[in-house]
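To keep things clear, I will list the structure first and then write my remarks on it.
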Amino acid sequence: MSQQFEINQQTKPGAQASEISITDITFEHYRELLGIGEVRPRLTWIVRTTANAWQQASYQVELYGPDGQLLEQTDRLDSSQSVLVDWPFAPLSARQQADVRARVAGTDGRPSEWSQFCRVEVGLITPNDWTAKFVTPDSLGDDDSVQPVPAPLLRKEFEVRSSFTQARLYISALGLYEAQLNGDLVGDHVLSPGWTSYRNRLRYQIFDVTNLLRQGPNAIGVMLGDGWFKGRLGFGEGIHNAYGDRLGLLAQLEITYHDGTIERVVSDESWKTAAGPVLENSIYDGETYDARLERDGWSAAGYNDQNWTGVRSLEWDFTTLEAPVGPPVRRIQEISPVSITISPSGRTILDFGQNLVGWLRISVKGEAGQTITIRHAEVLQDGELYTRPLRYAKATDRFILRGGGGEETFEPHFTYHGFRYAEVDGWSGQLQSCDVTAIVCHSDMERTGWFECSNPLINKLHENVVWSMRGNFLGLPTDCPQRDERLGWTGDIQVFSPTASYLYDCAGFLTSWLADLAADQSEDGIVPFVVPNILEGPVIPAAAWGDAAVIVPWVLYQRFGDSGILATQYESMRGWVDHLASISSQKHLWDEGFQFGDWLDPAAPPEDPAAARTDPRLVATAYFARSAELLGQAATVLGKPEEADHYLKLASQVREGFNNEYVTPNGRIISDATTAYSLALEFDLLTRPDQRQGAGKRLAELVRESGYLISTGFVGTPLICDALCSVGEYQAAFRLITNKENPSWLYPVTMDATTIWERWDSMLPDGRVNPGEMTSFNHYALGAVSDWLHRVVGGMAPAEPGYRRLKIQPVPGGDIFSAVARHRTPYGMAECSWKIEEGQIEVKVEIPPNTTALVTLPGTGSQDEDKPLEVGSGTHSWKYSYRAPKAGPGPAFAR
Ligand code: BGC
């Protein structure tokens, strides 16, 4: 570090006798520990201590039965590993409950106390654990009709003896289910079992229903919805019955008695069925509910079901059943309308002030048969609800009142909407804001990442990214939540996964999706455009989309430190790269076939989103090199040296091919466009010494010439700020990110956006909606720049997988005078904050126990990362005089 600065460094002194404790033990990436699907779950513990530079020297783990009996214990094992430690005991078995505790000792020799016990319970593991059958109502037609049918109710009564100690419900559906026991809803999940590649993987859920049972007669009732299994899916007319034409239920209730005996109530031919009050339900179109058709008491004992008809069993492959590895979808937040207004055409419009995903709950009094109709949309145009961007999704819920004078409360069961505004029709009297609540739903992941800086517009941009992640992490990573898509578009999550991994613990969520990706990959390794794949026609490869197969596992490895994800996905990763090798030219170019390219480059006209400035074939070969390189690195991590050699060599051949075809010796690129230069710089494709410098210079020139307006689509957007910084053009990156003109990241913020838009100008400056087809207002892809905000402006990045070593290198710039990045790493909470005041900069960091950090302080001359400081865990701060670099280039280039 340069000595011309007087640096005042402080490391908070550790307390005299430092306390060391374990705050948390987790199993694999599970957030829910009831019913895990792994019999050898890897363990992670987070250590809290006041000691500085704390490193773990040893650990010990114990396993107890639920009765408090010690089953197994390890010796004190000398190891510094605290994240995803291999299960040290005999495998658990299906249904087994166990309590795990751990203690550790630091390199200073001091031990921690034993941690609290952490209870885990295994779910059902093999097909033999199931005695239930899949059943389907006889009454449902046999044809593959696409006409809506009322959601069927299925029920069964049973006796419970006294002295039961616990009860578990294992349940899944071909379609969606909502279960009740004795009139009470089971659990708090919604839209279960979620969407997976059903023919390969069908999730079941596990609920503790002990408190819902009673001695004597009991009843279970389940309502089934069409969901993704059977309902309409995909853009345009879409398809129906993607996975089958009959809804099905699988339910196994296990009641354990004092003496250890288990009695089971399982779905079989003895159940009965009738149509319920949900007349129509569709993920895209919404739900129609007729409360006059409610069957009072249907899920309680003693209900007269004589008129109900039978069910029959349905064939299904039980090897597809899996306990979920990601968290369930829940109701996460409630939002009241910020305004209720009457539109120019006289309609009642609610504004929730936030583009969100979920539905409305309404409380209403009225007459029998009165129908309340709710239409949802993300935007208004000319003061009216504007639904064209929804394309073929009707996004309309209808509630038909039962009447009788009392207040009735409705929520849909088997649909969801992306909306900020709702139009309510059929309300009698004045609609009050207390009558309506928006229910925000998404996968219930733990929030782990925060960012804030001195520029309020950037903070709003960041908040919008968080909302777009929330809106599109509903069971699987989707492109958008509102129109007739909501599909697992591979390219979108490929670019967004680094941001996602910072904001929320999405390791389990994305691990699950990657299993679907592998399942839906073609035999010759092609990754479909969407996962789960429901698109008709042959599966064909597309660069940046199919590369999700390699890049997403690599990102999860980097951010969560889980090499197991690489091992699990390795064949899928290899399949993709081998396929690219098989279709590439002799010169190692991927230059044939369909490509999305730099999708939604702002220069592309509304009707042709693929018409980008950067040649799509250049994008394809760049990604081919990138995936081959990362696969080679993954093979190294997994201890496969020959395969590593093979793929690293392939990567260098592809780089060579890229250079020969597209790059001049001085680094000019045939597609003279910012995305092309960003790819070349960030994917390290430039093989000759002068090329990097030349490419960097040209990239900065193009950015200046564009007046610092954004000029990249899905491919270039996540890369351009990093690419500029990598060639020292920090201030150009700051001018890009702080620009408010259209197109830019902040333009939507100035237009009152509350989520990230699909295209830079989904709403035009005159307040009208872009005429293109691709005009979602909730698409996270362009929000991928947040990862740069976290790593560069916030200054915190992983220097080793899982943040075992952190890279702390904040970069002040533009009009940003302070920033803070905070992330719960696998080792615990980490933070980097800095602020510039009166010619001084103060940088403060918090480094979690059992990690270290490489710190490069801004303005000290060590920006080249050659000689970072290495510090251990604890809090550290530095304060020194600092002169902010001149913002931007000279006036010749300024707008
Ligand atoms: C989706 C995208 C997706 C794209 C493919 C769109 O319809 O909404 O986000 O990646 O198609 O180019």
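In the stretch 638-647, what residues are within 30 Å of the chain's Cα centre (by Cα) and under 16 Å from His579 (Cα atoms)?
Tyr647
All but one of (1) among the aliphatic types (A, V, I, L, M); (2) within 31 Å of the chain's Cα centre (by Cα); (3) buried (at least 23 other Cβ atoms within 10 Å of the Cβ) hold for Leu185, so report the exception by its number.
(3)
Residues that are buried (at least 20 other Cβ atoms within 10 Å of the Cβ), at least 3 per element: which strands (runs of 3 or more DSSP E) completely within the stretch 333-452 meet that?
The strands (runs of 3 or more DSSP E) meeting that bar are 348-364, 371-377, 396-400, 417-425, 436-443.
Within the stretch 653-667, does at least one residue satisfy the condition of being more than 16 Å from the ligand (Cβ to nearest atom), within 15 Å of Leu724 (Cα to Cα), crowded, with 21+ Cβ neighbours inside 10 Å and not polar (S, T, N, Q)?
There is at least one residue in the stretch 653-667 that is more than 16 Å from the ligand (Cβ to nearest atom), within 15 Å of Leu724 (Cα to Cα), crowded, with 21+ Cβ neighbours inside 10 Å and not polar (S, T, N, Q).
Listed here are the residues, each with its yes/no results for (1) assigned to a loop (DSSP other than H, G, I, E, B); (2) touching a residue at least 60 places away in the same chain (Cβ under 8 Å); (3) in contact with a Ser or Thr (Cβ under 7 Å, 6 or more places away or on another chain); (4) within 20 Å of Gly310 (Cα to Cα).
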| position | (1), (2), (3), (4) |
| --- | --- |
| Gln147 | yes, no, no, no |
| Arg155 | no, yes, yes, yes |
| Tyr177 | no, yes, yes, yes |
| Arg246 | yes, yes, yes, yes |
| Gln252 | no, yes, yes, yes |
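Among the residues of the stretch 855-874, are any among the polar types (S, T, N, Q) and not in a loop (DSSP other than H, G, I, E, B)?
Within the stretch 855-874, none of the residues are among the polar types (S, T, N, Q) and not in a loop (DSSP other than H, G, I, E, B).
Is it the case that some residue within the stretch 461-476 is under 30 Å from Tyr392 (Cα atoms), assigned to a helix (DSSP H, G or I), free of Cβ contacts under 8 Å to residues at least 40 places away in the same chain and not acidic (Asp, Glu)?
Within the stretch 461-476 (the criterion being under 30 Å from Tyr392 (Cα atoms), assigned to a helix (DSSP H, G or I), free of Cβ contacts under 8 Å to residues at least 40 places away in the same chain and not acidic (Asp, Glu)), the answer is yes, since at least one residue qualifies.
From the list Leu618, Leu681, Leu589, pick out the single residue that is surrounded by fewer than 24 Cβ atoms within 10 Å (Cβ to Cβ) and either farther than 25 Å from Arg698 by Cβ or hydrophobic (A, V, I, L, M, F, W, C) (or both).
The unique qualifying residue is Leu589.
Sort out which residues of the stretch 453-478 are out of contact with any His (no Cβ under 6 Å at 6 or more places or on another chain) and within 16 Å of the ligand (Cβ to nearest atom), and write them in order of number.
Val465, Ser468, Met469, Gly471, Asn472, Leu476, Pro477, Thr478 - these are the residues of the stretch 453-478 that are out of contact with any His (no Cβ under 6 Å at 6 or more places or on another chain) and within 16 Å of the ligand (Cβ to nearest atom).
Considering only the stretch 562-574, state which residues are buried (at least 23 other Cβ atoms within 10 Å of the Cβ) and either at positive phi or not aliphatic (A, V, I, L, M) (or both).
Those that are buried (at least 23 other Cβ atoms within 10 Å of the Cβ) and either at positive phi or not aliphatic (A, V, I, L, M) (or both): Asp562, Gln569.
Looking only at the stretch 528-537, filter to residues that are modelled with pLDDT of 95 or more and away from the ligand (no atom under 13 Å from the Cβ); which one of those is farthest from Gly491 (Cα to Cα)?
Ranking the qualifying residues of the stretch 528-537, first place goes to Ile534.
Which of the following residues is under 22 Å from Val465 (Cα atoms) and assigned to a helix (DSSP H, G or I): Arg698, Arg735?
One residue alone meets the criteria, Arg735.
Hey, among Gly449, Gly418, which residue is under 21 Å from the mean Cα position of the chain (by Cα), touching a residue at least 12 places away in the same chain (Cβ under 8 Å) and within 16 Å of the ligand (Cβ to nearest atom)?
Selected residue: Gly418, the only one of Gly449, Gly418 that is under 21 Å from the mean Cα position of the chain (by Cα), touching a residue at least 12 places away in the same chain (Cβ under 8 Å) and within 16 Å of the ligand (Cβ to nearest atom).
Just checking, how many residues over the stretch 728-754 are under 14 Å from Ile816 (Cβ atoms), surrounded by fewer than 24 Cβ atoms within 10 Å (Cβ to Cβ) and in contact with a Leu (Cβ under 8 Å, 6 or more places away or on another chain)?
The number of residues fulfilling the criteria is 4.
Residue check: is Asp24 surrounded by fewer than 16 Cβ atoms within 10 Å (Cβ to Cβ), closer than 27 Å to Val325 by Cβ, of a type outside the set (S, T, N, Q) and at pLDDT below 95?
Yes: the conditions hold for Asp24.
Modelled with pLDDT of 95 or more, part of a loop (DSSP other than H, G, I, E, B) and closer than 17 Å to Trp467 by Cα: does that describe Glu741?
no
Examine the stretch 219-237 for a residue that is in a strand (DSSP E or B), farther than 30 Å from Pro389 by Cβ and among the β-branched types (Val, Ile, Thr), and state whether such a residue exists.
yes
Given the structure, is Phe410 within 21 Å of Asp226 (Cβ to Cβ), touching a helix residue (DSSP H, G or I) at 6+ places or on another chain (Cβ under 9 Å) and either without any contact (Cβ under 8 Å) to a residue 40 or more places away in the chain or more than 16 Å from the ligand (Cβ to nearest atom) (or both)?
yes
Scan the stretch 802-823 and give yes if some residue there is among the aromatic types (Phe, Trp, Tyr), in contact (Cβ under 8 Å) with a residue 12 or more places away in the chain, assigned to a loop (DSSP other than H, G, I, E, B) and within 29 Å of Asp601 (Cβ to Cβ), otherwise no.
no
In this structure, does Leu869 turn out to be at pLDDT below 95 and surrounded by fewer than 24 Cβ atoms within 10 Å (Cβ to Cβ)?
Considered against the rule, which asks whether it is at pLDDT below 95 and surrounded by fewer than 24 Cβ atoms within 10 Å (Cβ to Cβ), Leu869 comes out as yes.
If a residue has to be buried (at least 21 other Cβ atoms within 10 Å of the Cβ) and outside any strand (DSSP E or B) to count, how many in the stretch 824-854 make the cut?
Final tally of qualifying residues: 6.
Do the conditions hold for Leu580, that is, is it farther than 29 Å from Thr44 by Cβ and away from the ligand (no atom under 14 Å from the Cβ)?
Spelling it out, Leu580 is indeed farther than 29 Å from Thr44 by Cβ and away from the ligand (no atom under 14 Å from the Cβ).
In the stretch 764-787, what residues are surrounded by 24 or more Cβ atoms within 10 Å (Cβ to Cβ) and either aromatic (Phe, Trp, Tyr) or part of a strand (DSSP E or B) (or both)?
Phe777, Tyr780
Every residue in the stretch 606-649 that is among the small types (Gly, Ala, Ser) and within 16 Å of the ligand (Cβ to nearest atom), please.
Once the filter is applied, which keeps residues that are among the small types (Gly, Ala, Ser) and within 16 Å of the ligand (Cβ to nearest atom), the stretch 606-649 yields Ala610, Ala611, Ala612, Ala620.
Those residues that are in contact with a Phe, Trp or Tyr (Cβ under 9 Å, 6 or more places away or on another chain), of a type in the set (D, E, K, R) and either closer than 19 Å to His823 by Cα or modelled with pLDDT under 95 (or both), I need them from the stretch 838-866; list them, please.
Lys844, the sole residue that qualifies.
Among what's in the stretch 701-732 and is without any contact (Cβ under 8 Å) to a residue 40 or more places away in the chain and in a loop (DSSP other than H, G, I, E, B), pick the residue that is nearest to Pro602 (Cα to Cα).
Ser706
The values are calculated or read from the model by the stated rules, or taken from the named source; none is laboratory data. Values in this document were obtained by computation on a predicted structure and should not be read as measured data. Positions of Cβ are backbone-derived with ideal geometry, glycine not excepted, and every protein chain shown enters the neighbour counts.
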